[in-house]
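Trainee: Have a look at this one before I ask anything.
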Amino acid sequence: MTALDTVLALSTLAALTAFLFGNARSYAWLAGILLTGQIVLLAGMDLPTSASLDFTIFGQTVGWQLDGFGRFFALITVGAALASVSYMGGEWGERYAAEGKSRRWLHGSLAANVMAMLLLLASKDLIAFFIGWELTSWAGFLLMAQGTDRALRAALRYVPYAMAGAMAVLGGLVLTLAWTGTLDLDGLASAMPDLGNARLAILLVLFGTGFAIKMGLLPFHLWQTPAYAEAPGAGTAFLGAISSRMGLFGLGLLLVKMITLSRLADLSLVDGLFNARDVLAWIAALTIVLPTFTALKQNDARYLLAWHGIGQSGYMLLGLVVGDATGSAGGLLHVFNHATYQAALVLSVFAVMHRTGTADLNSLGGLVTRMPLTFLVMLMGIIGLAGLPPMNGFVSKWLVYRSLMMNGMPLLFLMTVLGTLGTILSVYKLIHNTFLGQLRAEHEQIREAPWSMTVPMLVLVGLGFLTGAAPGLALRWVAQAQAALGLPVMSYTLGGIESARGSLDMLWVVGVLFAGFGIGAILFYGVGNRSKRIHQLDNYAGGHFLSADVRYHYSDNFYAGLMHRIGPLYRGSFVWLESALASATDLTATLMQAWYRQAVPALALLAAVVLGLGWVIWR
Amino acid sequence: MNTIELLTELAVMPLVAFVIGLAMVLMMRKIAAKIQRRVGPPLLQPLYDIVKLYAKQTQNSHGLLHDIGIVMAVGGYIAAETMVPVPGMNGIADKSGLLTLAYVTMIPSLGLALGVGQCANPNGSIGIARALTAMLAYDVPFVIIIFGAAWVYGGNNMIDMIAAQQLGGIATWGVARMPLLAIAGLFAMYAMLGKQPFEIYVAPAEIATGPMVEMGGKHLGGLFVMQCFQLFTASAVYVSIFLGGGENWPLFLVKLFAVVAIPMSMAFVFPRHRTEDVLLSVWRWPVLIGLAGVWLAMH
Amino acid sequence: MNPSVVALVVALPLLAAFLLPLVPGSARRVVGPLVLLVLTGIGMRLWDVASVAPVVLAVGDFLPPLGIVFYVDSVAALFVLAVALLCLLFWPWAGEGEHLDRKQSLTLILAAACGGLAVSGDLFNVYVFYELAAVASYGLAAGGRGAAGQVATFRYVILGSLGSLLALFGITLVYFMTGTVNLAHLAELAPKALVGVPGLAAFLLILLGLGVKAELFLVNAWAPEVYATAETRVSALLAGLVSKLALLVLVRLLVLVFPLPGTHEALLVLGLLGMLTGELAAYKARDVRRMLAWSSIGQLGAAFMAFSVPGDAGLVAGIAIALHHMLVKPALFLLAGRWGGSLGRIAGAARRSPLGAVLFVLFALSLLGVPPLPGFWAKYLLLSGLAGQPGGLWWLGGLVVLLTTVVEAVYLFRVIGALYSRDEGSVAADQSATAVAGSGMLAAVLLVIALSAPVLAGTLDRMAVQMGDVDGYVTRVLTPPAPAVPIGVAP
């Protein structure tokens, strides 16, 4: 029995036990132990490791094997699940169950997700891949649909997207089989670049669409926000952290391993000016900018974060498509980094919801004194999401920026920075409207979230800080992933990278930053007069003293000036496109139904015969 | 270089930056006074101001985060100064680079924003919303310049940039190699310093709105220190990219003060832009000029 | 095994159907099920034997091409087994309305006719059994609910009769051109005699004629209303069983008698249109039973597309789709029995019948082709068959399959969403125990197939090879057997 067998067996066991005992109060412990076991095994695994189980069907061998690329994603998957499970294990889960929702299904669907993703990540051929792909989609659906009717409706909106993606992949699969005669991933890596341009383009579009839908790339992103935002907290964290990255995994296999980036650059659209690789890079760049600025307009913290989740995936793809050592390392590292801070942010939002009952950014405020630890988590989280030092989000984005600079892509670079700036604006609004400003009278007595919730969040941001100060810890896995894909491997140090064209040593940067904070603190607290602490509710504006019952928290239309300028650019084009497509389907369906509701079917039969005979005679 | 030397540099660089920044504040006020036909403040006035603010009797704090915001604002810049090479001292400039510096300088802004937010004064929050919008505006041309510089000098290490410029005198300066970017950079720096017409978010004329509304005593003193650092950082970065950095201290100082003096001499004759107009004016000319400059530099 | 057993496939249920009214009251209940159980046994035995080599029976020792020939290859044996099992599953037990005897008789007649269609070796018998099946199904459908049911059945009768007429005309044409109706003999003569416009016209007439039952596009307008208004078990039998047998016969004719250019394209186009119209119409349906009816039209369209792919690849895919649909659609109809009417009525029904809802989801997922459920392999075979063809219309077909699957997902999940909705106010009745038990059994079969897919894939391949083996068919039927005992197992 290989290590991969054990990991898969453990995840299956976790799914089974979750559906059997998930309602039990202490089930989270068992889930935690099983997940930890998987992490340990995955981390210590020799690469690549095969599973013992394989079978042959219709002439194709189906098997599983985990390499460095898959292992990188697998570790993040299991880690994210561990964080979610421990969050679920305490008071949050109790409340969830007390509200009449099913903990069994929540645990079960989470475990099913992990199992499905591991199967996907370890697939050795396209059939195993497709099996994992579909299982992941429907397990994801299950997780999204938990909890409330709103969640169910959001999940149902995901269905056509998921199925369209799956069918695109399946279409690509059968064409691949027809053209290359093999479905083995390694075999395809050598066979696919030899296909002609037209065939390669078809495969690229089919597979690419499938993976892009899962990843939420433009223009297929609309399903993701409500589906991720409305799921129950622990589920949202898991979904936001890793779920849609399966699309990136697929794209990595397709673009880098099978088609290869250089072959991709040969597929030119406008002779010599614009090739398939540019198109992908621009899709990624637009995916960074547009969803980020949509996030800026959200008034629900969960939706805001979900939109950012879409935006951040653009950095990952962009890094991967640029494809040099630093760029791809940045893109892949961002997967890990995003998982740490996004999960922490989502959990902190749900911690606030746990205490206040709302995630509406116009109904909160001033909670920093009431929930300081949750505030700290959100602060570190948003620093990571915005990509500022000292958190890890900065390092991965820095690598992507650098690779764009060194490869001479000014406009793409500008888009990435624009995305970052938009993110800074948006996340400040998030933390301001939640934790800063006026404390509402009804929130005066609330307490910090329980330890069962704060500890997982703190661990996550702690991880984000640690890998921000010492990115080398995570870059080890990234380098293995690069090697497995056949990308140039970035040479890294514990603190970042060392290069003649500009190094980054986060150990020093973070050290100096905190030394600066220390000196700043000494200057502030050690020098000058002692300051007097004013009560949070003792306030005034424009000369009037304000009391707690007057609402003066500045939260709505936060960036009024900015919106005055860019507001008209929000056209809702994608929503329009989606509803136009739905209407068109509906109309066609009505026409089709009219055929079956015809009054005189015998006449149609007669017509069919006449038409048919006509065809027979004149064909 | 041994560790002791490096640590000494790390301690000295912020100090030097602060002193230069103080002098720049003084110069700024003097320029304003000259334009407005006043005498202007005495030599040590900026220092006196800081001492006064720290020593004030009334020191109101709206909570821990209000204080920490100021600590982050000052501390972030102290850290940033160690990444700006000055004559004879490189600090950790080779371990961070221009891009990192750009992002480290956002930390003080974030600190300020957090501190203001904690004050629970809606006027302060409005000021922050405006300040962040302004940041969105001026950072766009700024990163275009960073890109151009990295492309022209083949990397984003500031020490290498300076060395490359000092090889062949003025002809190899950034301003000669990428003149359009230098113009855009000046504009971006101008907007970054938040003087007229870009001072909507500070709104010094009406103290009831803007980030400073709840700031007094040490808090305001901290922000004063931050402004000194900001002036120095912006001008030093500009000098390092476009004006050959500092061959020696006197020349370096001349360049630094000249760079700050240019926008300051223009600033006081302008009225004020509304927030949306800040966006428009910064996104129109400097961005277009900057992109044109990048195109020129790459072809 | 004595090949005469094959005759029992038809004779036994037919006899039982006519003798049923004569059986004394208390024993009457058990006759039908008993007969079907025997038929199951025969089916299993035939399957065992036929998977080694097909069984040929010349009824009454009149040697082909003169006499009546029954030919049982493994596909036919499997269908005989399926006929017995599905009729048993959907047997009109007591307590389900009036006229129990007639329903039981009609079901037995239907079983006989379907069995006959599966094993018939000549065109004339095909026609006879087809008519028999038609009459039985008219009778069963007419037992439906209320006036809407009567109207639907009337449309069905009209279309069905016209279809039979067309088929008969086609058969006559074939006979006119070749002088025989024996399939083996036809297979021998067809390449020379059945060519050109008349040959293709004969094919088209038979296709449209038999297509009425096979829910072929253009002649399937009867189906949705009949399925929606007939009793659930009747809908299940018609959609699950009868349509498949009509399809099976058409495929046999396609393989043996009409290897003409153009036939495959015709099947492809009609199947494609059927899938497109059926699935889209189902998208618009707001009532589970109509939705399933249209979905059934779509699935039959997929089966036609699969069989249109030349060669063994098409047969494998087609058999897989047909068998899968035969398993899934009856189960869904069973579950829809209590969940008819508008979707609003079943909101939250999963709380009251959790098992029923889970089964519905399982079958829906398999119908969509979610791996590792069997539906995936069927869809995979269909698509890879189409992808293996040289472009054009075939790839368009593949595209239609892909797109309509998305549509299918939307409407099936609309039902699932309603079932699991947390809205209070469900007015749906609890799922009936028989429906859950019946679909549960089918689900067990489905899961067993899913688990043993790699093994069954080989079986499926062998079945397809056997079915596509024209030379073997001709040799086995037309070679005079060794003179010793009656007709033995052909070598």
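Trainee: Per residue of region A:137-142, what does 6.51 cos²θ - 1.76 cosθ + 1.60 with θ = phi - 60° give for ³J(HN,Hα)? Whole Hz please, x for Gly and Pro, Karplus curve as stated.
Mentor: Karplus-based 3J(HN,Hα) across region A:137-142 equals 4, 7, 5, x, 4, 4 Hz.
Trainee: Let me ask another. Using a 10 Å cut-off around each Cβ, can you sort C:SER4, A:SER11, A:SER84 from fewest to most neighbouring Cβ atoms?
Mentor: In increasing order of surrounding Cβ atoms, one gets C:SER4, A:SER11, A:SER84.
Trainee: Follow-up question, since we're still on this one. Neighbour counts of other C-beta atoms within 10 Å: give me A:TRP576, C:TRP91, B:TRP173 arranged from fewest to most.
Mentor: The most exposed by this proxy come first: A:TRP576, C:TRP91, B:TRP173.
Trainee: Report the equivalent ellipsoid semi-axes for region B:157-198 in whole Å, largest first, defined as the square roots of five times the eigenvalues of the gyration tensor built from alpha carbon atoms.
Mentor: 26, 12, 7
Trainee: In deg cm²/dmol and to the nearest 500, what is the mean residue ellipticity at 222 nm of chain A if only DSSP H runs of at least 4 residues count, each as -39500 (n - 2.57), divided by the residue total?
Mentor: Rounded to the nearest 500, it is -22500 deg cm²/dmol.
Trainee: How much net charge surrounds A:SER531 when only the other residues with a Cβ under 9 Å from the Cβ of A:SER531 are counted, with Lys and Arg +1 and Asp and Glu -1?
Mentor: +3
Trainee: Ranked from highest to lowest mean number of other Cβ atoms within 10 Å per residue, what is the order of the peptides A:232-239, A:470-477?
Mentor: Packing order, densest peptide first, comes out as A:232-239, A:470-477.
Trainee: From zero up to wherever the largest Cα-Cα distance of region A:71-117 sits, split into 5 Å bins and tell me the percent of pairs in each.
Mentor: 5, 21, 28, 21, 13, 8, 3, 1
Trainee: Angle between the Cα long axis of helix C:312-336 and the longest principal axis of chain C, 0 to 90 degrees, nearest 10?
Mentor: Between helix and principal axis, roughly 40 degrees.
Trainee: Here is a further query. To the nearest 20 debye, what is the magnitude of the charge dipole of chain B about its Cα centre, counting +1 on the Cβ of each Lys and Arg and -1 on the Cβ of each Asp and Glu?
Mentor: With Lys and Arg at +1 and Asp and Glu at -1, about 860 debye.
Trainee: With a Cα-only, solvent-free Debye model of region A:278-342, what are the log10 I(q)/I(0) values at q = 0.13, 0.15, 0.22, 0.26 Å⁻¹?
Mentor: -0.35, -0.46, -0.85, -1.02
Trainee: Give me the distance between the Cα centres of region A:405-468 and region A:234-270, rounded to whole Å.
Mentor: Measuring centre to centre over Cα atoms gives 26 Å.
Trainee: Over all alpha-carbon pairs in chain C, figure out the percentage whose distance exceeds 28 Å.
Mentor: 49
Trainee: Let me ask something else. Inverting the mean 1/r over all pairs of different Cα atoms, compute the Kirkwood radius of region A:122-199 and quote it in Å.
Mentor: Computed over region A:122-199, the radius equals 14.1 Å.
Trainee: Could you give me the percent of Cα pairs per 5 Å distance bin for region A:464-619, shortest bin first, beginning at zero and ending with the bin that holds the maximum distance?
Mentor: Bin by bin from 0 Å, the calculated values are 2, 6, 6, 6, 6, 5, 6, 9, 11, 7, 6, 6, 5, 4, 4, 4, 3, 2, 1, 1, 0.
Trainee: Right, another one. Considering region B:114-196, what Rg and Dmax in Å follow from its alpha-carbon atoms?
Mentor: 17.3, 55
Trainee: If Rh is defined by the Kirkwood formula over all Cα pairs and Rg also comes from Cα, what ratio Rg/Rh do you get for region C:202-256?
Mentor: 1.03
Trainee: Let me ask you something else. If I model region B:11-91 as equal point scatterers sitting on the Cα atoms and use the Debye formula, what is log10 I(q)/I(0) at q = 0.16, 0.17 Å⁻¹?
Mentor: Values returned for q = 0.16, 0.17 Å⁻¹ are -0.84, -0.91.
Trainee: Still on this model: What is the mean number of Cβ atoms from other protein chains located within 10 Å of the Cβ atom of each residue in peptide A:425-438, rounded to a whole number?
Mentor: For this peptide, the per-residue mean of nearby foreign Cβ atoms is 5.
Trainee: A further question follows. Using alpha-carbon positions, what is the distance between the centroids of region B:121-146 and region B:61-89, in Å?
Mentor: Spelled out, the Cα-based centre of one part sits 18 Å from the other.
Trainee: Given a cut-off of 17 Å, what percent of all Cα-Cα pairs of region B:1-135 lie beyond it?
Mentor: Cα-Cα pairs of region B:1-135 separated by over 17 Å account for 71 percent.
Trainee: Highest mean first, what order results for C:71-84, A:52-65, C:276-289 on Cβ atoms within 10 Å?
Mentor: C:71-84, C:276-289, A:52-65
Trainee: Can you tell me the 0 to 90 degree angle between the C-alpha axis of helix C:123-142 and the longest principal axis of chain C, rounded to 10?
Mentor: That helix lies at roughly 20 degrees to the long axis.
Trainee: Could you rank the peptides C:39-46, B:68-75, A:147-154, C:359-366 by their average count of other C-beta atoms within 10 Å per residue, with the highest value first?
Mentor: So the peptides C:39-46, B:68-75, A:147-154, C:359-366, ranked by packing, come out B:68-75, C:359-366, C:39-46, A:147-154.
Trainee: Put one equal scatterer on each alpha carbon of the protein assembly as shown, apply the Debye formula with no solvent term, and list log10 I(q)/I(0) at q = 0.04, 0.06, 0.09 1/Å to two decimals.
Mentor: Taken in order of the listed q values, log10 I(q)/I(0) reads -0.31, -0.63, -1.12.
Trainee: Okay, moving on. Mind listing the Cα extents of region A:221-313 along all three principal axes, in Å, largest one first?
Mentor: Its Cα atoms span 46, 26, 15 Å along the three principal axes.
Trainee: Residues of B:216-228, mean number of Cβ from any other protein chain within 10 Å of their own Cβ, rounded to a whole number?
Mentor: Counting other chains' Cβ atoms within 10 Å and averaging over B:216-228 gives 2.
Trainee: Taking the Cβ of C:GLY468 as the center, what net charge do the other residues with Cβ under 15 Å away carry, scoring Lys and Arg +1 and Asp and Glu -1?
Mentor: Counting the neighbours of C:GLY468, the net charge comes to -2.
Trainee: To continue, here is another question. Once the Cα atoms of helix A:451-469 and of chain A are each reduced to a long axis, what angle between those two axes, in degrees from 0 to 90 to the nearest 10, is obtained?
Mentor: Value to nearest ten degrees: 80.
Trainee: State which entries of A:LYS429/B:LYS30; C:LYS244/C:LYS284; A:LYS101/C:LYS329; B:LYS30/B:LYS218 exceed 29 angstrom in Cα-Cα distance in the structure shown.
Mentor: Beyond 29 Å between Cα atoms: A:LYS429/B:LYS30; A:LYS101/C:LYS329.
Trainee: Throw me the Rg/Rh for region C:1-134, computed over C-alpha atoms with Kirkwood Rh, two decimals.
Mentor: So for region C:1-134, dividing Rg by the Kirkwood Rh gives 0.99.
Trainee: With all pairs of different alpha carbon atoms counted, what Kirkwood hydrodynamic radius in Å does region C:111-216 show?
Mentor: Roughly 14.6 Å, rounded to one decimal.
Trainee: Here is a further query. Diagonalise the Cα gyration tensor of region A:162-306 and give the resulting equivalent ellipsoid semi-axes, square root of 5 times each eigenvalue, largest first, whole Å.
Mentor: 31, 18, 11
Trainee: Counting pairs of alpha carbon atoms under 8 Å apart in space and at least six apart in sequence, what relative contact order in percent does chain C give?
Mentor: 15
Trainee: Sorted from largest down, what three extents in whole angstroms do the Cα atoms of region C:321-439 have along their principal axes?
Mentor: Sorted from largest, the Cα extents of region C:321-439 read 53, 26, 22 Å.
Trainee: Right, another one. Across chain B, what fraction of all alpha-carbon pairs, as a whole percent, falls in each successive 5 Å bin from zero upward?
Mentor: 1, 6, 11, 16, 19, 18, 14, 9, 5, 2, 0, 0, 0
Trainee: Kirkwood Rh, region C:74-131, all Cα pairs: how many Å?
Mentor: It is 12.2 Å.
Trainee: Right, another one. Give me the net charge for the shell around A:ALA548: Cβ to Cβ below 11 angstrom, other residues only, Lys and Arg +1, Asp and Glu -1.
Mentor: -2
Trainee: Rg and Dmax in Å for region A:527-604, alpha carbons only: what are they?
Mentor: When restricted to the Cα atoms of region A:527-604, Rg and Dmax are 30.3, 99 Å.
Trainee: Å³ per residue of the Cα convex hull, for chain A?
Mentor: 210
Trainee: Treat region C:191-234 as a sphere of radius equal to its Kirkwood radius over Cα pairs and apply Stokes-Einstein at 20 °C in a medium of 1.002 mPa s; give the translational diffusion coefficient in µm²/s, rounded to a whole number.
Mentor: This corresponds to a translational diffusion coefficient of 175 µm²/s.
Trainee: Please arrange B:LEU7, C:LEU381 by how many other C-beta atoms lie within 10 Å of their C-beta, fewest to most.
Mentor: The most exposed by this proxy come first: B:LEU7, C:LEU381.
Trainee: With springs only between Cα atoms under 10 Å apart, run a GNM on chain B and tell me which of B:VAL116, B:VAL143, B:VAL51 wobbles the most.
Mentor: It is B:VAL51.
Trainee: To continue, here is another question. Could I get the Rg over Rh figure for region A:569-619? Both from C-alpha atoms, Rh via Kirkwood, rounded to two places.
Mentor: 1.35
Trainee: Next question. Calculate the length of the line joining the C-alpha centroid of region C:187-215 to that of region C:403-420, in whole Å.
Mentor: The distance from the Cα centre of region C:187-215 to that of region C:403-420 comes to 37 Å.
We did not get these values from a lab; they are worked out from the coordinates using the rules stated. These numbers come from a predicted model, not from an experiment. Cβ coordinates were reconstructed from backbone atoms using ideal geometry, including for glycine residues, and neighbour counts include every protein chain displayed.
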